[in-house]
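Just so you know, all these numbers are worked out from the coordinates, no wet-lab data involved. Values in this document were obtained by computation on a predicted structure and should not be read as measured data. Every residue, glycine among them, receives a Cβ derived from its backbone with ideal geometry; neighbour counts consider all protein chains shown.
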Amino acid sequence: MRKKEKRFPDWTKTVVGLCLGLIGFMIPLFVHFDGLSFAGHLTLGIFLVAASFWMLEPIPIYATSMLVIFLQIVLLSTQGPLFQDSSLPEFQLEAAAQEQVWQVPDSAVDGNQLWLRKGARSSEAIQIEVVESEAGFTFVRSGELSEGTAIVSDVNHKLVGYTPASYTLFLGTLASPIIILFLGGFMLAAAAVKYNLDKNLTNVLLKPFGQKPMFIILGLMLVTAVLSAFMSNTATTAMMMTVAIPIALQIDTKDKFRIILALSIPIAANLGGMATPIGTPPNAIVISALNQQGIQLAFGTWMLIATPLVIVMLLAAWGLMRFFYPPTVTSFKLQLDSAFEKSPKAIIMYAVFALTVLLWVTEAQHGIPSGMVAFLPIMALTVSSVLEKEDIRKLPWEVLWLVAGGISLGLSMENTGLAVWLVSSISWDVLPQIMLLLVFGFVALMLSNFLSNTVTATLLIPLAVSMGTSGIAGEGFSLVISAVLIGMACNMAMLLPISTPPNAIAMSTGYIKTADMVKIGGIIGIIGLFVALAYAVLFWPAVLL
Amino acid sequence: MSTIYILCVEDEPEVLDVVVRDLAALEDVFPIEMAVSAEEARQIIKEIEENGDKIGLAICDHVMPGDKGVELMIEMQNEPFTERTRKVLLTGQAGLDATIEAVNHARLNRYIAKPWDPENLMKVAIDELTTYVIEAEKNLLPFMSSLDARRLQEAIRARGSISDY
């Protein structure tokens, strides 16, 4: 009987992750940070526990998302125990002591700020000037106050700076338009796989690329990118591998062409995911963060921004692999038999697929939001029984939860002032905007190589957005450009087998070594960041304005 | 992760050695356990079960002193622990009756006649183990480089068990 190898015990990472998360959660409960509201402290705790759990994965990342939403509805909602019955303590101003000088309790003054009481649960900060302070009272000067104005008598009250949201806001993230958009995409992809549309399309699309090995690679990459723009990157990679493996088996094991074959597919799948909003989950985080700021990014606009970048990067990757791994093989047999299913259900599916994609890309022309269009496949594929109960159960629901948790956390980071507080500690405006984007993009790229792309986007994008909205980053900081760029940087991370699931799938074939992936993936990440930055500065403004 | 074993049962030690040699390429991922009788095989199965490991493939001779191979296979088919194990009969002398019984009651997956072609034995082992891991394992990636990668990738696509994160 084989002896079990002594390994580093599996539970160490779990224990470290759990402890860090717990400590992170406790810190804001015991330490007071100036300038951060009570609710901001709670959100910081949730942010820290989520970040530790997402990074070290003591529990699955989608479970962390569920935990986040749970903590939010308990700790931050109007209906939760903390905010259920509370209301802001009130102080009504008496007649002016002098012209525009008012007597208020000491506890109502926070530096040169004072909070107007707008209602039992809402308040608004105004600037005042402290004249003098005596015997528990402070005299302040302000033109915005008058006799009888209600102010908040205690600036440390938990409702100051935060208007609690209903718990339905947090729960509602799971039905937000972007989640429905993804659900529509998932259902289309599931139907396509069920009726082998993905395989047949691949075989048809690969035909024009002829017989030359490097052209076939180009074809494989383009087809992979196109499919992964609408399907999951992982499913696309697995499907394309079934095309690539028979080729690899014909080739001598020492031929470098096998490396190209196994590397080209995950790279193209990772890149292709950027091309549409539904291509990969980090895109959802970008779009929902922008939605929150009232910026709607149409499906077609996203594609217009992203597709040129994807094409350039595909060509760059192709050239790189050709340079580093010159192939010696000159020909091989490629079996490309397509047999499109012609059953009524399959035909309904083709029609629904085509119509949905058409309506998505023409969103700017007809004005129907993509999240609304997404209900067309959801409805049509189930009404027509193209997808049955079992198929619906098999959808990647945990990805929707993961994204919903990310969106929900972003909401609280924004409306408790945590995001602004986190970025305001550094004076970003000393950096030119392009450097700022580069720094943020680089951090995203690095983190995303080790963490889930979606998690990286979830942690970084609220910060980037708040830099724009709070004016910390200086004039002319474009929310759209910075959020999209960081999203792209997250998707460009393909350094290691653990960076993305497609990388792990390619690695498992044994055709490539980690060093190959690090070499090509690393170069692509860096080139990609700079190319994306160039596009962001030179091309995107023309599309977005 | 628990280990998936290949179990070879054959009463002649020289023949057993040849079987093991023919399957040596799989041994890194699927360690091979050898038994010279049904009795010893039962002992090994029990040990593997107690260790929390699994048996993916059983290659069994029929004519042996003591219990016959087909009897052992029927027994394995009826035990939940070895029900999913792929079962291959490797024999020269199993009569029609024994073979029929193996097919009907042990859900025999393959029959290989002695003498066998080593390449064919390897192909059968890879095929059967691929089927086993697709049926029994959640994560297929660790088996990609030693088994039928194309079928495993196809299973990943069809299952949709790995999502984008």
Proximal aspartates and glutamates relative to residue A:513, as straight alpha-carbon distance under 13 Å, when same-chain residues fewer than 8 apart are discounted: none
Note down the magnitude of the dipole of the protein assembly as shown about its Cα centre, charges +1 on Lys and Arg C-beta and -1 on Asp and Glu C-beta and zero elsewhere, to the nearest 20 debye. 2020
Give the long-range amide H neighbours of residue A:137: residues separated by 5 or more places, or on another chain, with amide H under 5 Å away, using H modelled in the peptide plane at 1.01 Å from N. A:106
Derived scalar couplings ³J(HN,Hα) [the stretch A:351-363; Karplus, 6.51 cos²θ - 1.76 cosθ + 1.60; whole Hz; x for Gly, Pro]: 5, 5, 4, 4, 5, 4, 4, 4, 5, 5, 6, 9, 3
Please list, by residue number, every one of the trypsin sites (Lys or Arg not before Pro) in the stretch A:275-353 that is coil in DSSP and has at most 12 other beta-carbon atoms within 10 Å. A:333, A:342
Between residue A:295 and residue B:100, how high is the FRET efficiency from 1/(1 + (r/R0)^6) when r is the Cβ-Cβ distance and R₀ = 60 Å? Nearest 0.05. 0.25
Relative contact order [Cα under 8 Å, 6+ residues apart], chain A, whole percent: 16
Measure nothing fancy, just the Cα-based angle from helix A:514-538's long axis to the longest principal axis of chain A, in degrees from 0 to 90, nearest 10. 60
Return the long-range amide H neighbours of residue B:108 (sequence gap of 5 or more, or a different chain), with a cut-off of under 5 Å between placed amide H atoms. B:103
Gap in Å between the Cα centre of the stretch A:235-279 and the Cα centre of the stretch B:1-65? 36
Sequence ranges A:39-47, A:176-184, ranked by mean other-Cβ count within 10 angstrom, highest first: A:39-47, A:176-184
I need the GluC sites (Glu not before Pro) found in the stretch B:60-114, filtered to DSSP loop residues with at most 12 other beta carbons within 10 Å of theirs. B:83
Quick one: grab the alpha carbon gyration tensor of chain B, order the square roots of its eigenvalues as a ≥ b ≥ c, and give me rounded if a/c is under 1.5, else prolate or oblate depending on whether a/b is larger than b/c. prolate
Which whole number gives the average, over all residues in B:140-148, of C-beta atoms from other chains lying within 10 Å of the residue C-beta? 3
Quick one: 3J(HN,Hα) in Hz for the stretch A:372-389, Karplus 6.51/-1.76/1.60 with θ = phi - 60°, rounded, Gly and Pro as x. 6, 4, 4, 6, 4, x, 4, 5, 5, 6, 8, 4, 8, 6, 4, 10, 9, 3
Cβ-Cβ cut-off under 11 Å around residue A:164, Lys and Arg +1, Asp and Glu -1: the net charge is +2
Rounded to the nearest Å, the spacing of the alpha-carbon centers of the stretch A:412-470 and the stretch B:139-165 is 36
When only Cα pairs under 8 Å and 6 or more residues apart are kept, what is the percent relative contact order across chain B? 20
Nearest 0.05, what FRET efficiency do residue A:149 and residue A:427 give at R0 = 51 Å with Cβ-Cβ as r? 0.90
Which of B:102, B:24, B:38 ends up with the largest GNM mean-square fluctuation for chain B, with Cα atoms connected below 10 Å? B:24
If you rank A:373, A:16, A:430, A:140 by fewest surrounding Cβ atoms within 10 Å, what's the result? A:430, A:16, A:373, A:140
Violating pairs (Cα-Cα greater than 26 angstrom) within the set A:13/B:138; A:207/A:342; A:256/A:333; A:212/A:256; A:389/B:87; A:118/A:158: A:389/B:87
Between residue A:340 and residue A:542, what is 0.36 nm times their sequence separation minus the Cα-Cα distance? Round to one decimal in nm. 68.6 nm
For the stretch A:433-443, what does the Karplus curve 6.51 cos²θ - 1.76 cosθ + 1.60, with θ = phi - 60°, yield as ³J(HN,Hα) per residue in whole Hz, taken in order and with x for Gly and Pro? 4, 5, 5, 4, 5, 5, 4, 4, x, 5, 4
Calculate, for residue A:70 and residue A:384, the FRET efficiency according to 1/(1 + (r/R0)^6) with r their C-beta to C-beta distance and R0 35 Å; round to the nearest 0.05. 0.45
The protein assembly as shown shape via C-alpha gyration tensor axes, a/c threshold 1.5: prolate
Once every DSSP H run of n ≥ 4 in the protein assembly as shown is given -39500 (n - 2.57) and the sum is divided by its residues, what mean residue ellipticity at 222 nm do you get, rounded to the nearest 500 deg cm²/dmol? -18000 deg cm²/dmol
Under the rule rounded for a/c under 1.5, else prolate if a/b exceeds b/c, else oblate, using alpha carbon gyration tensor axes a ≥ b ≥ c, the stretch A:296-435 is classed as oblate
Cross-link partners among aspartates and glutamates for residue A:194, C-alpha distance below 13 Å, same-chain residues fewer than 8 apart left out? A:341, A:388, A:390, A:391, B:154
